[in-house]
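Here's the structure we're looking at; comments come further down.
The values are calculated or read from the model by the stated rules, or taken from the named source; none is laboratory data. For clarity, every value in this text was computed on a predicted model and none was experimentally measured. Reconstructed Cβ throughout: ideal geometry from the backbone, glycine too, with neighbour counts over all protein chains shown. Quick note on the areas: whole protein, heavy atoms, side chains included, nothing else; ligands and nucleic acids left out. Shrake-Rupley method; radii C 1.70, N 1.55, O 1.52, S 1.80 Å.
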Amino acid sequence: MKNIVLARVDNRLIHGEVVSVWTPSLQVNRIIIVDDEVAADKFNKRIIKALAPNGVKCNVYDTEKGADILQKDSKEPTERVMILTKTPITYDKMADLGLKLPEINLGGMGLRGERTPFIKNVACSPDEIQAIKNLIDKGTRVYYQLVPEQQIIEAAPYVNK
């Protein structure tokens with residue numbers, strides 16, 4: 001499996017917190033975005049990749065290809081990968097495809113559509129809450145942490161509220 005240093009849910013994908021805080025603090029040198037819509041849109045894919053910090057490789061895959069790529073060993077021994085998705089549903093689907101992640105970080109998930117407040121800055125739809133519950137049931141630790149300096153809040157107590 002790839003050397004994954006952070007698996008994060010953030011509907012903004014690459015933005016200020018990812019570029020200026022997470023990437024340098026974890027010494028990330030490759031970002032893998034897994035999102036079916038972005039992967040299918042060549043223009044959006046190009047824009048997202050251009051937002052990656054200098055010296056950091058960025059790839060965008062759909063869910064199936066992402067799960068496959070992430071399960072393969074890194075070709076570079078010093079590779080440090082951050083995975084970004086817009087929703088925990090993507091991680092749940094990748095888990096069903098065989099990807100086993102020890103933990104997933106919930107970052108920015110704003111209010112929109114069916115989403116209601118979940119933890120701090122995280123809002124979830126009923127389907128996203130179910131995906132988080134599924135991931136926890138599969139042995140994945142799911143937690144909220146906006147930036148590394150912030151306290152971690154475990155998601156497990158919130159899924160049954």
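Note that the chain presents 51 Å² accessible area per residue, ligands and nucleic acids not counted, probe 1.4 Å. Basic side chains Lys and Arg get +1 at the Cβ, acidic Asp and Glu get -1 at the Cβ, and with that the dipole of the chain about its Cα centre reaches some 320 debye. Per residue, the chain reaches -7500 deg cm²/dmol at 222 nm when only DSSP H runs of four or more residues are counted, each adding -39500 (n - 2.57). Apolar share of the accessible surface for the chain: 50 percent from carbon plus sulfur atoms, 1.4 Å probe.
Build a GNM of the chain with springs between Cα atoms under 10 Å: which of LYS42, LYS57, LYS100 gets the top mean-square fluctuation? For the chain, modelled as a Gaussian network with Cα springs under 10 Å, the answer is LYS42.
Annotation: the antiparallel percentage among DSSP beta bridges lying fully within the chain is about 20. Across THR116, THR23, THR78, mean-square fluctuation computed from a Gaussian network of the chain (C-alpha pairs under 10 Å connected) peaks at THR78.
State which stretch of the chain is the longest one without any exposed GluC sites (Glu not before Pro), exposure meaning a DSSP loop state and at most 16 other Cβ atoms within 10 Å. Looking at the chain, 1-78 is the longest stretch - no exposed GluC sites (Glu not before Pro) with at most 16 other Cβ atoms within 10 Å.
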